[in-house]
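*Asks:* One structure coming up, written as structure tokens, with questions to follow.
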Amino acid sequence: MALLREPILETRDLVKAFKGFVAVDGVSLCVRRGEIHALIGPNGAGKTTFFNLLTKFLQPTSGAILYRGTDITREQPADIARRGIVRSFQICAVFPHLTALENVRVALQRVVGSSFQFWRSARSLSQLHGRAIQLLAEVRLEDWASTLAADLSYGRKRALELATTLALEPELLLLDEPTQGLGHEDVARVAQLIKHVAAHRTVLMVEHNMNVVASIADTISVLQRGRVIAAGTYDKVARDPQVIEAYMGTASTKLAGSG
């Protein structure tokens, strides 16, 4: 059914070259509304560069990016965020000496137009309290609302980062290696959180853990040397000869167990 949904994000022949080295080489990708779309590939395939192009940390050499049918290729990062495209990063980014609740409340200040006004009184921010608790509950952290971020497990820090990202009210959520550095139990927890929060949002994620990709992704695109070599369901791409060769050059069963 996901294939019947309308596109929310498209790239057309997107290219990024660095002094002769082509990191992204003619990528045409379609992310459909309401799906979890995973972008996978070996190290150096161009996945993070592609994300940087989408969020305008880099400008493309050529090609186009369309969001909800509008060409956003030359827009600035702030414009992209205002459109509802919000990104998380590989490195967990929370304020360690603030509580989980305070971290989410800081993110909510952006929504109400008072970003980074740390000097505001707690009373003046009370209007944000209820929504912050709701967001913590969405990522199963309501019981840790008063805990300093520094004292949370790494997996819960990643969940907190997800809550602060959701505070920005994304329509399209870009997740860059959301399970990187997590232990087995935390990987499973974060994967289920992504599936949960994707119920009313679209998610495009770069992910190295194939078990996570197999369990939650509706559509998978595979990059190798900056090009898309396969796209479709997990079962389809796992059997693609180019994908098998890109990962290990042997049996497809290894792809299913890698990560």
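Laboratory data are not the source of any read-out in this text; all were calculated from the coordinates shown. Everything quoted here is computed from the prediction, not taken from an experiment. Note that each Cβ is placed from the backbone with ideal geometry, even for glycine, and that neighbours are counted across all protein chains shown.
*Asks:* Taking the simple approach of a point 7 Å from Cα along Cα-to-Cβ for both ASP71 and LYS236, what is their distance in nm?
*Replies:* Label-label distance for ASP71 and LYS236, simple model: 2.9 nm.
*Asks:* I would also like to ask the following. Enter the angle in degrees (range 0 to 90, nearest 10) between the Cα long axis of helix 129-138 and the first principal axis of the Cα atoms of the chain, meaning the one along which they spread out most.
*Replies:* Around 40 degrees separate the two axes.
*Asks:* Taking the Cα-to-Cβ direction at HIS184 and at SER146 and moving 7 Å from each Cα, how far apart do the two end points lie in nm?
*Replies:* 3.5 nm
*Asks:* Per DSSP H run of at least 4 residues, take -39500 (n - 2.57); add these up for the chain, divide by its residues and hand me the 222 nm value, nearest 500 deg cm²/dmol.
*Replies:* Dividing the helical sum by the residues of the chain leaves -9500 deg cm²/dmol.
*Asks:* Now a separate question. Using the crude model of +1 on Lys and Arg Cβ and -1 on Asp and Glu Cβ, and no other charge, please compute the dipole size for segment 10-87 relative to its Cα centre, in debye to 20. Display every interim value, and only then the final one.
*Replies:* On the way: 12 positive and 7 negative charges, 40 e Å.
Value, rounded to 20: 200 debye.
*Asks:* Give the aspartates and glutamates whose C-alpha is closer than 15 Å to that of LYS236, dropping any in the same chain fewer than 8 places away, or say none.
*Replies:* In chain and number order, the partners are ASP218, GLU245.
*Asks:* In addition: Can you compute the label reach from ASP13? Point 7 Å from Cα along the Cβ direction, backbone N cut-off under 17 Å, restricted to segment 204-235.
*Replies:* 227-228
*Asks:* Averaging sequence separations of C-alpha pairs under 8 Å and six or more residues apart, then dividing by the length of the chain, give the relative contact order as a whole percent. Write down the numbers at each step before the final one.
*Replies:* Numbers: 492 pairs, mean separation 65.1, N = 259.
Here the relative contact order equals 25 percent.
*Asks:* Using only the alpha-carbon atoms, what does the chain span along each of its principal axes? Please give whole angstrom values in decreasing order.
*Replies:* 59, 40, 38
*Asks:* Determine, for HIS37, HIS200, the number of other Cβ atoms within 10 Å of each Cβ, and report the residues in order from fewest to most.
*Replies:* Details: HIS37 22, HIS200 8.
Ascending number of Cβ neighbours within 10 Å: HIS200, HIS37.
*Asks:* Mind checking which lysines have their C-alpha under 25 Å from LYS19, skipping anything on the same chain fewer than 8 residues away?
*Replies:* LYS47, LYS56
*Asks:* In terms of the Cα gyration tensor, with a ≥ b ≥ c the square roots of its eigenvalues, is segment 29-97 rounded because a/c is under 1.5, prolate because a/b exceeds b/c, or oblate? If you can, show how the numbers build up before the last one.
*Replies:* Numbers: a/c = 1.44, a/b = 1.20, b/c = 1.20.
In terms of gyration-tensor shape, rounded.
*Asks:* Return one number: the angle in degrees, 0 to 90 and rounded to the nearest 10, between the long axis of the Cα atoms of helix 184-197 and the longest principal axis of the Cα atoms of the chain.
*Replies:* It is inclined by approximately 80 degrees.
*Asks:* Same structure again: Helix 154-166 sits at what angle to the longest principal axis of the chain, using alpha carbons and giving 0 to 90 degrees rounded to 10?
*Replies:* With both axes taken from Cα atoms, the answer is about 80 degrees.
*Asks:* Would you list, by chain and number, the lysines whose Cα falls below 18 Å from the Cα of LYS157, excluding same-chain residues fewer than 8 positions away?
*Replies:* Straight-line reach from LYS157, under 18 Å: LYS195.
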